[in-house]
Amino acid sequence: MHSITVTLVYFCLLQCFVVTLGEVISPLRGGDISPNLKVCYQGEPGAYSEKSLRSLLGPSPISVGRKSFEDCFRSVSTKQSDYCLLPFENSLGGSIHENYDLMLRYDLTIVAEHEFRVNHCFIVSPGVKTSDIKYAISHPQALKQCDNWLRARNIIPVPTYDTAGSAKMLKEDKNLPEGCTKENTAAIASDLAASTYGMDCRCSNIEDDDSNFTRFLLLSRKPLAVHSTKDVKCKTSIVFTLEETPGALYKALACFSLRDVDFSKIESRPTSASLLSYLRFRGKRSETARFRYCFYLDFLDSDSSEKAVNALDHLREGASYVRVLGCYPVKSNLVGKVAEDLKRCKDLNGGSVTRIDGDEKRLVKIGIVGKTKKDWPEVPDGVKFIKNVEDVKEYEELDVVVVASEDALKQLPSLPRALTVLEGSLMSRSRSLALGKCKGDVMICHLCPEGNGKGTLVWDGVRMDDVRRGEDFLRCFSEASWKTVEMDCKEHDDFTAKSQFAAMLTGRVLSAQSLKPSPVNTSPVMSLFDVAETGGKISFDEFFKAYKHTSGSRMIMRGMREALAEVEREIEKRQSYLEAKDEMQGLDRLRVLEEVKKMIREEKSSEQKK
């Protein structure tokens, strides 16, 4: 999903700059970082997640607080952040299922783990006496973990949305629960929250159980290439689904146990709707099963070891779906690219702590040429649709210009300042055209609207000096409920080009039949009409272009002709069979009738003889 597509000449120039200048140059494609390493977490500044981040990575990275877990996944996927550190299980509260579900939805991989000891602190405003405290505000789980300590002091727990957020509310004296004031209320949060908001930490380690640990996982866009050694032990996390057959789970686990591969965790979760759709598409979903489960498994070995490779190959033979979520070192070790990124960040930024509170958004101005709002009603609001392609004034102050047709690209004036995004279903061809025409930054994308203002944007950052501008462009779509997927142009075309050409061909054939809907049409029939309608909108020039540039298009057309001929042969066979059957039945009736007549004649003859 994240393979790098850069021309050899450009790569050589980049290397020359690195060697001659002795500087670390920010790479142009996904997965690599800028000198300012950004790591996001869920929560307010001072949250336990940020303290865990500092515990694992130190003070050098920029910590970025996000409102939700999904915001963290989206931030890394769209390159707004380099990594995210999220909690996945707690020794007292169990697994955080939302994050496991998000791992299936987003194409991120685990590159490190960190077991963090949670120490709750009793935080008050400066100058307030501890004896005056009547209420304690915090997240419900934190309050529950300190219940005995609070009861012993007759302090009433009042739940709020967040631990660090409670300290922030107390500091600002805003949005406090009813009856709570700065003078009579304390917050239960981390000591980092106390120092962040200038509060006093009167007592620490107030939790009832000192075995409160949270396992955090560091997520990245690209996996590590790590191997188990004497000094570095590895762990691999996978997820898989099984068919509803007796002994299926036993056989799956035997793939590892027979090879002496040890487990550290196994857990089942209901299968997400998107994964069920994938299994249905692959034809591996049992329609009789109302509930399907994913199994999350951690085993203590590298996924590249001989035993693990054989075990995973064995598992894939019997499983409906298998995905490696990540291979990473155990016990907070940082190796490979993560360690390199962190060292680079330390060398450049020193040991000062930097944080960003919020999304650090900036406005990006986007224009589209070659399409109208009627053609693309699902695109985010605020996008400018340009009518006169050749008018340079139309592009003034635009940061991003989306070119939606090859004809528009030919008429496009030189735009060295803007990011040019060429949209097309054949991304490899779009890449060649854009690099030949455009002098500035270039991104290739394929917009796939799904209705209701949603869709999927597949993109490849072919040439981007200003990476931040590309991130802002992608963020506009992700915030409008679009899913953004980074994919190499060739990889995209290998996945989709043939199926898209087949859909276009089917649509044109159906459109030529002049089919009309009726009041009793079922959902499958209406889907057929949608295909016909879409095919009818595609001009022959566009269709011929797809035919010309789709590898195997002739094979697809020949295959469809052969399939249609096979259907006709099957119909003729059945028709001939039915006709022969009717004929045989007619002959049988005549034969029976003759036998009856013969019996009647014989009976009459015998009576006459008597």
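The values are calculated or read from the model by the stated rules, or taken from the named source; none is laboratory data. In this text, all values refer to a predicted model and were calculated from it rather than measured experimentally. Here Cβ is always computed from backbone atoms with ideal geometry, including for glycine, and neighbour counts include all displayed protein chains. Calculation scope for accessible area: heavy atoms of the full protein, side chains included, ligands and nucleic acids excluded. Shrake-Rupley method; radii C 1.70, N 1.55, O 1.52, S 1.80 Å.
In segment 419-498, inverting the average of 1/r over every pair of distinct C-alpha atoms gives 12.8 Å as the Kirkwood radius.
Ranking V309, V402, V335 from most to least accessible surface, computed with a 1.4 Å probe over the protein chains only, gives V309, V335, V402. Name the GluC sites (Glu not before Pro) in segment 137-240 that are in a loop by DSSP and that have at most 11 other C-beta atoms within 10 Å, would you? Filter output for segment 137-240: E178.
Extents of segment 59-161, largest first, come to 50, 29, 21 Å (Cα atoms, principal axes, whole angstrom). Per-residue Karplus couplings for segment 62-73, computed as 6.51 cos²θ - 1.76 cosθ + 1.60 with θ equal to phi - 60°, are listed in order as 7, 8, 10, x, 10, 6, 9, 4, 5, 4, 5, 4 Hz, Gly and Pro entered as x.
On a per residue basis, segment 549-605 carries 90 Å² of accessible surface, using protein heavy atoms and a 1.4 Å probe. Distances between placed amide hydrogens fall under 5 Å for S320 paired with T241, L242, E243, all partners being 5 or more residues away or on another chain. Solvent exposure of segment 90-210, expressed per residue, is 46 Å² of accessible area, with all protein chains present and a 1.4 angstrom probe. To the nearest whole percent, what portion of all C-alpha pairs in segment 559-610 is separated by more than 19 angstrom? Summing the P(r) of segment 559-610 above 19 Å gives 59 percent of all pairs. Under a 5 Å amide H cut-off, with hydrogens placed 1.01 Å from N, S204 pairs with F122 among residues at least 5 apart or on other chains. The mean sequence separation of alpha-carbon pairs under 8 Å and at least six residues apart, normalised by the residue count of segment 414-495, gives a relative contact order of 29 percent. Taking only protein heavy atoms and a 1.4 Å probe, the accessible area of segment 111-183 is 47% carbon and sulfur. Remark on E486: its backbone amide H falls under 5 Å from those of W459, a criterion applied only to residues 5 or more positions apart or on other chains, H modelled at 1.01 Å from N. In sequence order, segment 454-462 has phi-based couplings of 10, x, 10, 10, 9, 9, 9, x, 5 Hz under the Karplus curve 6.51 cos²θ - 1.76 cosθ + 1.60, θ = phi - 60°, and Gly or Pro positions carry x.
Computed from phi, the 3J(HN,Hα) profile of segment 418-435 under the Karplus parametrisation 6.51, -1.76, 1.60 (θ = phi - 60°) reads 8, 7, 8, 10, 8, 9, x, 6, 9, 5, 5, 5, 4, 4, 4, 5, 5, 5 Hz, with x in place of Gly and Pro.
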